[in-house]
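Chemist: So that we are looking at the same thing, I have put the structure below in structure tokens.
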Amino acid sequence: MPQPADPRHADPASPVPEPAAALLLAYLADRDNTNTATNQASRWLFPGRRAGRPARPDHMSSRLREIGIPVAAARGAAIRQQLLELPAPVVADALGYHDKTTSRLLRESGGTWSRYAAGDHSRSPAGWAPKGIRDS
């Protein structure tokens, strides 16, 4: 996706495939919520009515339904796709879901993350050392 000319948007830009990239750039060039004094410098992709705040989820849902996007089905599909790419506990933590919910959705999606050990993986377990260090 080409970098927007407006410096208020993130750098580097998030990759967006065509044809969505063209639609997104057209939207960014003419956001109707940013023509008021309170929202001209909004950093939000979808600014809300209150200065410095994003659009409310219920407002976004109704706007999406108006243009024919089945919100519940799209959300479910997005979560299932995430579960095919990430362990269920990670998705649960990131989205605020219960582990059992994401595990059930994973099974329904045919995912294979059945042996993920949740927890802090930044440190090695007590007494463990890499093979070369243990043998010396």
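The values are calculated or read from the model by the stated rules, or taken from the named source; none is laboratory data. These figures come from a predicted structure and were not determined experimentally. We place every Cβ from the backbone using ideal geometry, glycine too, and count neighbours over all the protein chains shown. Accessible surface areas use protein heavy atoms only, side chains included; no ligands, DNA or RNA. Shrake-Rupley method; radii C 1.70, N 1.55, O 1.52, S 1.80 Å.
Chemist: Return the pair list, or none, for Cβ contacts closer than 9 Å from residues in the range 46-61 that are hydroxyl-bearing (S, T, Y) to residues that are surrounded by 14 or more Cβ atoms within 10 Å (Cβ to Cβ), at least 6 apart or on different chains.
Modeler: These pairs meet every condition: S61/V71.
Chemist: Among residues belonging to the range 34-50 that are assigned to a loop (DSSP other than H, G, I, E, B) and polar (S, T, N, Q), point out the one that is modelled with the highest pLDDT. Give the derivation first.
Modeler: Just the residues of the range 34-50 that are assigned to a loop (DSSP other than H, G, I, E, B), to begin with: 35-46, 48-50.
Narrowing the set further to residues that are polar (S, T, N, Q) leaves 35-36, 38-40, 42.
Working: N35: 61, T36: 59, T38: 61, N39: 63, Q40: 64, S42: 71.
My answer is S42.
Chemist: Now for a different question. Only residues that are open to solvent by 70 Å² or more (accessible area, probe 1.4 Å) and either in contact with a strand residue (DSSP E or B) (Cβ under 9 Å, 6 or more places away or on another chain) or modelled with pLDDT of 70 or more (or both): list them for the range 106-115, please.
Modeler: Hits for the range 106-115 are R107, E108, T112.
Chemist: Only one residue in S103, S62 is assigned to a helix (DSSP H, G or I), open to solvent by less than 90 Å² (accessible area, probe 1.4 Å) and at pLDDT 90 or above. Which one?
Modeler: S62
Chemist: Here is a further query. Where residues in the range 70-100 are among the aliphatic types (A, V, I, L, M) and open to solvent by less than 40 Å² (accessible area, probe 1.4 Å), which of them is farthest from T112 (Cα to Cα)?
Modeler: As a first pass, look at the range 70-100 and keep what is among the aliphatic types (A, V, I, L, M): 71-74, 77-79, 83-84, 86, 88, 90-92, 94-95.
Those left that are additionally open to solvent by less than 40 Å² (accessible area, probe 1.4 Å): 71, 79, 83, 88, 91-92.
On the way: V71: 26, I79: 15, L83: 9, A88: 10, V91: 14, A92: 16 Å.
Taking the candidates together, the pick is V71.
Chemist: Okay, next question. What residue, of A73, A118, is modelled with pLDDT under 90 and of a type in the set (A, V, I, L, M, F, W, C)?
Modeler: Unique residue meeting the criteria: A118.
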